[in-house]
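The values are calculated or read from the model by the stated rules, or taken from the named source; none is laboratory data. Small disclaimer: the values here were computed from a predicted structure and weren't measured. Quick reminder, even Gly has a Cβ in these numbers, built from the backbone with ideal geometry, and neighbours come from all protein chains shown. The area values use the complete protein model at the heavy-atom level, side chains included, leaving out ligands, DNA and RNA. Shrake-Rupley method; radii C 1.70, N 1.55, O 1.52, S 1.80 Å.
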Amino acid sequence: MNPMLNLWLIPVLPLAGAAINGFLGKKSSRKAVTTIALFFSGAAFAMALWVAMRFTSLTLPYHEYLAHWIRSGSFSVDFAFYLDQLSLVMLLVVTGVGFLIHVYSVGYMAEDPSYYRFFSYLNLFMFFMLTLVLAGNYLVMFIGWEGVGLASYLLIGFWFTKDSAASAGKKAFIVNRIGDFGFLIALFLMIKHFGSLNFDQVFKSVMPLGAEKAGAGLLTAIGILLMVGACGKSAQIPLYIWLPDAMEGPTPVSALIHAATMVTAGVYMVARSHVIFERAQMALTVVAIIGTLTAFFAATIGVVQTDIKKVLAYSTVSQLGYMFMACGVGAFSAGIFHLMTHAFFKGLLFLAAGSVIHAVGGEQDMRKMGGLRRKIPWTFWTMTAGTLAIAGIPGLAGFFSKDEILWRAYQASWAYWLVGLITAFITSFYMFRLWFMTFFGEYRGEAESANDHASHRSHDAHGSHGHGGVHESPKVMVIPLAILAVLSVVGGYVGVPGSLGGNNRFDKFLGPVFHGSAPAWQDTAVGEKGAPEKETEGPEPKSGVSTELMFTGISVLAALLGFGLAWQLYYRRPELPGRIAASMAGEYQILLHKYYVDELYGALFVRPLIDGSTRILWHEVDQKIIDGAVNEAGEGARHVSDEVRHMQSGNIRSYAGWIAAGSAVVIAFMIWMWTGAR
């Protein structure tokens, strides 16, 4: 019998912190706000570690029922939590990286007048995200799913007096609602056909159905609708457009929500639903194609961005594409592996970018940076670790997880692998471009103090130093950078593949969750319960270890070529990029304007919606028809009452005359009726 873990405490702790700071923080000191925020987020992380230490003694999956929720006929949903290997990984990532970002925020947001509100929102986000990953059924997951959307809206628009921040928050909220609609329809289909939303019961009902190879069916519809929800939350084509604009929020928000946790919710949901996707070939193919195209598409846009946070934003969209590519080819554990390593190095990169912005007084344009490696050495070296990791340099976390995805992609289709390889080259190029432009060469910023720029630069910094005063961030910001840098270096060694002398312990750890996983394109025998008889995840290798090593070498070569091209263009001959952009003005403008997708959506959806609501619904329907009918009725009543009120003159002779006239009318009517009756 399983011991009682009290999983409910893990999300409730940050909720308590959010409530205390939200209601009492305005009248509390900054020290008190800091203590509350760090204590409750740190306690959640400590609880997660305690659960991890007791994990081996549990019978999995572990269920924790908290309360009855919905009862309607044979359909019931409990408020329950669920723990297995997959949710444990997510639990540790959310609480661990989340706590480090809380610590970093103490220094970064120190000057902000709404300090208490920021930490209240940050704690609230952790509550909803932990509810999402610990959910025991799809409905509890959906509560967390909607909650992180709400918290994201609040944090993106944290500086709501700034129009761009308020608009970015609304854009994120609306675009996510589109995806959430698909998620809801999928839940309705589960209720209709399976009579439950509990993971165990849904998957038990799905397993005997077998694979839908001939075409679309129930599982295909559910899988595609779930992917629609994932596209919204995890910023995939065509719903990725909210995430780059979300950089209007404070940089710690970008690190926590838009790199390490919230945007990975879609990947987690697809991985959690692997039983459905494995039996829906078309849905699995949709996941793979969307992930592959998004990875390449976003990477090409990142090549020309000059805002340091926008580069990282499009990089996030691209890396999420890699995760969906892995899930789409049936390599779910590889996708979760990259999710974990990405949380380390992308969280680090965003926080390091925030440290750079802090150091230069709010500047985010890389064209106005340069030569900072001597001024902010801790930031430089930690950001270097993150850059090497995301580029896929051997030995670092990103190398192991990305190489695993590319290898699994090749086993599925050479087309996925080729696009992924080209994307790896582009990723290395734009990340080393950022690295060289920020830290090497001469400082290109203006000579005035940062305070002179503060009025017209980004609202996302509170430093007070220009070039002459550029200095390293405080220890409370540097320590989280150092910890994440170490994780970015060593975090991948839990998943060293057999071809490199390891045994991929991460894949084996997640094995019980994805046991029997087989991609839909693989012709696998199905047992009596509907589960594939194959015991290992993914397809059998097409060839031996030597082939895998060859493909590893190719991916490393792509990363080195990206570095070499960035070195040539942005270090050795920095005048070349301007010439290339001028010679390829058309292509450059397309990338600079992000393929004009925002403009296209504006023309197809936004403006027609606004015009339709203002011209048709407001002016024509509301003003002319509804208001017109009400106004005309009121005007008619006014005219009638105006005529009638003249009868009330107060003159007795007038009243007598009206009585006589009325009596005459009544008598005449009675005579007419009497003669007619005869």
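Is it the case, given these coordinates, that Val630 is of a type outside the set (Ser, Thr, Tyr), open to solvent by 70 Å² or more (accessible area, probe 1.4 Å) and either over 30 Å from Gly602 (Cα atoms) or under 60 Å from the mean Cα position of the chain (by Cα) (or both)? When the stated conditions are applied, Val630 passes them. Residue count for the range 339-376, restricted to those that are free of Cβ contacts under 8 Å to residues at least 60 places away in the same chain and acidic (Asp, Glu): 1. Look at the range 654-678: where a residue is over 16 Å from Val644 (Cα atoms), no partner that is open to solvent by 80 Å² or more (accessible area, probe 1.4 Å) and among the aliphatic types (A, V, I, L, M) sits 6+ places away or on another chain with Cβ atoms under 9 Å. When we screen Ser428, Ser458, Ser499 for residues that are over 25 Å from the mean Cα position of the chain (by Cα) and either modelled with pLDDT of 85 or more or not charged (D, E, K, R) (or both), the only hit is Ser499.
Suppose the filter is in contact with a strand residue (DSSP E or B) (Cβ under 7 Å, 6 or more places away or on another chain) and open to solvent by 30 Å² or more (accessible area, probe 1.4 Å); does Ile143 pass it? When the stated conditions are applied, Ile143 does not pass them. Against the conditions (1) free of Cβ contacts under 8 Å to residues at least 12 places away in the same chain; (2) exposed (fewer than 13 other Cβ atoms within 10 Å of the Cβ); (3) hydroxyl-bearing (Ser, Thr, Tyr), Ser74 satisfies every one except (1).
Could you tell me which residue of the range 203-223 is farthest from Gly328 (Cα to Cα), considering only residues that are modelled with pLDDT of 90 or more and out of contact with any Gly (no Cβ under 9 Å at 6 or more places or on another chain)? Here the residue is Lys204. Just one residue in the set Ala585, Ala559, Ala566 is open to solvent by less than 70 Å² (accessible area, probe 1.4 Å) and modelled with pLDDT under 90; that residue is Ala585. Could you give every pair whose Cβ atoms fall below 9 Å, whose first residue belongs to the range 499-513 and is under 15 Å from Ser401 (Cβ atoms), and whose second residue is open to solvent by 70 Å² or more (accessible area, probe 1.4 Å) and part of a loop (DSSP other than H, G, I, E, B), counting only separations of at least 6 or pairs across chains? Here the result reads Asp507/Thr536, each pair linking the range 499-513 to a residue that is open to solvent by 70 Å² or more (accessible area, probe 1.4 Å) and part of a loop (DSSP other than H, G, I, E, B).
Only a single item in (1) over 17 Å from the mean Cα position of the chain (by Cα); (2) farther than 24 Å from Leu487 by Cα; (3) among the hydroxyl-bearing types (Ser, Thr, Tyr); (4) buried (at least 21 other Cβ atoms within 10 Å of the Cβ) is not met by Ser114, and it is number (4). Within the bounds of the range 148-167, is there any residue that is within 26 Å of Ala52 (Cβ to Cβ) and either among the charged types (D, E, K, R) or without any contact (Cβ under 8 Å) to a residue 40 or more places away in the chain (or both)? There is no residue in the range 148-167 that is within 26 Å of Ala52 (Cβ to Cβ) and either among the charged types (D, E, K, R) or without any contact (Cβ under 8 Å) to a residue 40 or more places away in the chain (or both). Annotation note: of Arg71, Arg117, the sole residue that is among the basic types (Lys, Arg), over 23 Å from Arg177 (Cα atoms) and part of a strand (DSSP E or B) is Arg71. Here Tyr571 clears all of (1) surrounded by 10 or more Cβ atoms within 10 Å (Cβ to Cβ); (2) within 33 Å of the chain's Cα centre (by Cα); (3) closer than 30 Å to Ile426 by Cα except the condition numbered (2).
So that you can scan it fast, the table gives a plain yes or no per residue for (1) more than 24 Å from Pro474 (Cβ to Cβ); (2) open to solvent by less than 20 Å² (accessible area, probe 1.4 Å):
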{"residue": "Thr379", "(1), (2)": "no, yes"}
{"residue": "Met383", "(1), (2)": "no, yes"}
{"residue": "Ala397", "(1), (2)": "yes, yes"}
{"residue": "Ala409", "(1), (2)": "yes, yes"}
{"residue": "Tyr416", "(1), (2)": "yes, no"}
{"residue": "Ala424", "(1), (2)": "yes, yes"}
{"residue": "Arg433", "(1), (2)": "yes, yes"}
{"residue": "Phe436", "(1), (2)": "yes, yes"}
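Contact map, the range 621-637: first residue modelled with pLDDT of 80 or more, second residue open to solvent by 70 Å² or more (accessible area, probe 1.4 Å), Cβ cut-off under 9 Å, separation 6 or more or different chains; the map is empty.
If you go through the range 309-330 and keep only what is modelled with pLDDT of 95 or more and in contact with an Asp or Glu (Cβ under 9 Å, 6 or more places away or on another chain), you end up with just Ala326. Residues in the range 280-313 that are open to solvent by 10 Å² or more (accessible area, probe 1.4 Å) and either charged (D, E, K, R) or under 22 Å from Pro252 (Cα atoms) (or both): Gln305, Thr306, Asp307, Lys310.
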